[in-house]
1. Can you work out which of the residues in the stretch 85-107 that are closer than 21 Å to residue 179 by Cβ and in a loop (DSSP other than H, G, I, E, B) is modelled with the lowest pLDDT?
2. What tally of residues in the stretch 222-254 results from selecting those that are under 28 Å from residue 88 (Cβ atoms) and of a type in the set (D, E, K, R)?
3. Does the stretch 289-298 contain any residue that is touching a helix residue (DSSP H, G or I) at 6+ places or on another chain (Cβ under 9 Å) and farther than 17 Å from residue 133 by Cβ?
4. Which residues, counting only those in the stretch 123-139, are surrounded by fewer than 23 Cβ atoms within 10 Å (Cβ to Cβ) and modelled with pLDDT under 95?
5. Is it true that some residue in the stretch 106-128 is among the β-branched types (Val, Ile, Thr) and in contact with a Leu (Cβ under 8 Å, 6 or more places away or on another chain)?
6. Evaluate the stretch 304-327: report whether one residue or more is assigned by TED's automatic domain parsing to the domain that holds residue 262, at pLDDT below 95 and farther than 16 Å from residue 230 by Cα.
7. In the stretch 159-179, is there at least one residue being within 27 Å of residue 216 (Cβ to Cβ), in contact with a strand residue (DSSP E or B) (Cβ under 6 Å, 6 or more places away or on another chain) and not assigned by TED's automatic domain parsing to the domain that holds residue 237?
8. With modelled with pLDDT of 95 or more, under 27 Å from residue 138 (Cα atoms) and in contact with a Leu (Cβ under 7 Å, 6 or more places away or on another chain) as the only criterion, which of 227, 289, 256 stands out?
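The values are calculated or read from the model by the stated rules, or taken from the named source; none is laboratory data. Please read these numbers as outputs of a predicted model, since none were measured by experiment. Note that we place each Cβ from the backbone using ideal geometry, even for glycine, and neighbour counts take in every protein chain shown.
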Amino acid sequence: MDERWTPRPTAEHNMSGASCPRPARGGMPEEAVDVVVILAIAIACTIGGASGGAAGLAMAILFALASVIAIVYLRFDPHITHTANGFALIRTRRMRDGSLARVFRQGGVYQSATYLDGRRFEPVFAYQRAFDIVFDLEGQKFERTGRGVVDVLALGGGGYAWPKHALMSHDNLHMDVVEIDEAVTRAARRWFFVDELEVRAGDRLHIITADGRAYLEGERDAGRYDAIVNDTFSGHEPVLALATVEAARAVRSLLAPGGLYVANVVSHEGGTELTFLRDTAATLRQVFARVWIVPATDEQFDGEDNYLVIASDEPYAVVGSIPFDEEFLGTPMTDAA
């Protein structure tokens, strides 16, 4: 394996945005929460001192506990929602730049996030911003095929972070988003501004509740998509049904000439275990003429490393891709394995 794989890249954050047309709920400002904390402690002490004895102490403890619960709600604005993969926590957290973001956490990992200010259509995670590589390559695609990136398929909706950004940044873009879990889409509409996206994008957005593999194999309009983006996980595990040679062939059949396939792959063991990345690259090499790997790790959110594995039949110049040789490739994955 090439030693150039060792460094963990540092993400650059896109902080552009516009004015927010409606108020965003992001929890109470921390200064106000601090005031509430002080008042709660003071009131608890007053109750305990005024009542005296064990009963007064018990009342003070109960009041303090109730205050803590209220403070947690005010600060983090938490919500529990049930999905096909179990319960998920949606809460607000403060970013390094002081802004607020709402995160969707399930299976011990962050599944999606959204800013709560004018950047609510900008992706929070580095790998989601990195999906814009399909637009970075649009000029090369147009030169080779006479067509840019107009029709896109996104496998996996989640919080719809990249679909929001892509559709609001490219007025001519049409996107189909396949999300298997209707409960996830409902949560995205309620807490991640997808309801607003549907209004603003109109018929340029088509949300499909379906299994991703079934959609790929059931869609008969061959060559309809200029790019297909795969961001599907079951908790912290990738969806293996979309990672095999057979799935890659179904993807390729739906891509227009020069079309791009981009898959998000996550490392294991703190970034040291890259078996799935190597196997993914080997799998796509069985189907596509060209495969590239681009790092897309976000240092702001501790955890594993993200990589985009990009495949096409055209020899594009992919900026930021990491060279690899045949020795790096793992084992192609198949349905039978």
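1. Checked the stretch 85-107; the qualifying residue modelled with the lowest pLDDT is 107.
2. Here the count works out to 2.
3. Checking the stretch 289-298: not a single residue is touching a helix residue (DSSP H, G or I) at 6+ places or on another chain (Cβ under 9 Å) and farther than 17 Å from residue 133 by Cβ.
4. Those that are surrounded by fewer than 23 Cβ atoms within 10 Å (Cβ to Cβ) and modelled with pLDDT under 95: 126, 129.
5. no
6. The answer is yes; a qualifying residue exists.
7. Among the residues of the stretch 159-179, not one is within 27 Å of residue 216 (Cβ to Cβ), in contact with a strand residue (DSSP E or B) (Cβ under 6 Å, 6 or more places away or on another chain) and not assigned by TED's automatic domain parsing to the domain that holds residue 237, which makes the answer no.
8. 227
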